[in-house]
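Structure first, then comments.
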Amino acid sequence: MVSPEQHRHVEGVGVTTLEARTAHVRERANWMRRRLLAMIVDAGQGHPGGDLSAADIVASLYFDILRIDPADPSAPKRDRFVMSKGHCTGALYTALAGAGFFPEAELDTYLKPLSRLNGHPNRTYLPGVETNTGPLGHGFPVAVGIAVAGQIDKAEYRVFVLTGDGELQEGSIWEAAMFAGHRGLGNLTVIVDRNRLQQGASTEDTNQLEPLADKWRAFGWEVVEIDGHDPAILLAAFDDAAAPRTRPRCIIANTIKGKGVSFMENQAGWHHGVPNAEQYATALAELTR
């Protein structure tokens, strides 16, 4: 098992202070953004808006927080991460490659015939994927089940799951949230990518979610609301989530859909889509400043 400190050392950074950890995560997140856009352009399809909004969250987990070992992806004591909004494979695959689960060059096969990098993650094909996701509302209940198993076994692993805010309109999310609260799953942390946009419209116009924090609290969860693009704040929230607790924790991470690319930010139309050559050049220029 690789501890967070060992994982950082494996990455060749040796970071220990919060300032250094933050700089490392920020660099990795921006690399992910550039790399996933290249994948989407090359493949001619993808979900850049949600990938970009989630990049800082996913980078914080994979490059600092998760106790994982790419050399032993099925280690019993590993932390578990479930990407419940399974269409955001650009963020997930770049993180897995960057963390060493498969060669970075394989990212060039994204969505191509016979590639392991499908439009939705498949644990049968790809090391580091805990469960197949894609149909919204399915990944989070699976994560709750994993956390229940850990509770029964008195295991040390932690379970993290990332949901989209549009995904919260699925009834299965709230059934699982109610059960997690009932079980007092202190080993479980859900992060809501709260960018307030889903396919075609805002979440509040589609099916109002607010007051969102109160809803989670009503199901017995601890809730914190943070800036989902500030690695220092993300790392502090994840560090705090590691403390022993008797209730599951919900981190509502306020984000911007399309973060980092000006013409994509806060635009529902970029839930999915492919930048043209001029747009791609603009995006790369903005992400390398």
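The values are calculated or read from the model by the stated rules, or taken from the named source; none is laboratory data. Just so it is clear, the structure is predicted and the values come from calculations on it, not from any experiment. When we count neighbours, we look across all protein chains shown, and the Cβ atoms used for this are built from the backbone with ideal geometry, even at glycine. Ligands, DNA and RNA are stripped out before the accessible areas are found, and what is left, the full protein with its side chains, is counted by its heavy atoms. Shrake-Rupley method; radii C 1.70, N 1.55, O 1.52, S 1.80 Å.
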**Q.** For region 118-128, 3J(HN,Hα) per residue [Karplus equation, 6.51 cos²θ - 1.76 cosθ + 1.60, θ = phi - 60°, Hz, x = Gly/Pro]
**A.** 6, x, 10, x, 10, 5, 5, 8, 10, x, x
Q: May I ask you to list the lysines whose Cα is less than 22 Å away from that of K112, ignoring any residue fewer than eight positions away on the same chain?
A: K85
Q) Magnitude of the Cβ-charge dipole of region 4-288, K/R +1 and D/E -1, about the Cα centre, nearest 20 debye? A) 560
**Q.** Rel. contact order, % - alpha carbon contacts under 8 angstrom, at least six apart, the chain
**A.** 22
Q.
Once neighbouring chains are kept in place and the probe is 1.4 Å, which whole percent of the accessible area of the chain is contributed by carbon and sulfur?
A. 51
Q) If we count every other residue with Cβ under 12 angstrom of H182's Cβ, Lys/Arg +1 and Asp/Glu -1, where does the sum land? A) +1
Q. What net charge is computed for the residues neighbouring A147, neighbours being all others with C-beta under 9 Å from the C-beta of A147, Lys and Arg scored +1, Asp and Glu -1?
A. +3
Q) Packing-wise, with mean Cβ within 10 Å as the measure, how do 19-30, 46-57 rank, highest first? A) 46-57, 19-30
Q | Under 10 Å, Cβ to Cβ, from V224 - net charge with Lys/Arg +1 and Asp/Glu -1 | A | -2
Q. How many angstrom lie between the C-alpha centres of region 29-101 and region 189-211?
A. 21
Q: Would you calculate a helix-derived [θ] at 222 nm for the chain, using -39,500 (n - 2.57) for each DSSP H run of n ≥ 4 and dividing by the full residue count, to the nearest 500?
A: -12500 deg cm²/dmol
(Q) Per 0.36 nm of contour for each residue apart, how much would the distance between D153 and M178 grow if the chain were fully extended, relative to their Cα-Cα spacing? (A) 6.9 nm
Q: Show me 166-175, 137-146 ranked by packing, highest mean number of other Cβ atoms within 10 Å first.
A: 137-146, 166-175
Q) Probe 1.4 Å, all protein chains in place: accessible area of E156 in Å², nearest 10? A) 140
Q.
At 1.4 Å probe radius, can you tell me the per residue accessible area of the chain in Å²?
A. 40
Q. Under the Karplus relation 6.51 cos²θ - 1.76 cosθ + 1.60, θ = phi - 60°, what is the ordered set of whole-Hz ³J(HN,Hα) values for region 250-257, x standing for Gly and Pro?
A. 10, 9, 8, 9, 6, 10, 10, 4
**Q.** Accessible area (Å², 1.4 Å probe, nearest 10) - M83
**A.** 10
Q | Accessible area (Å², 1.4 Å probe, nearest 10) - L96 | A | 0
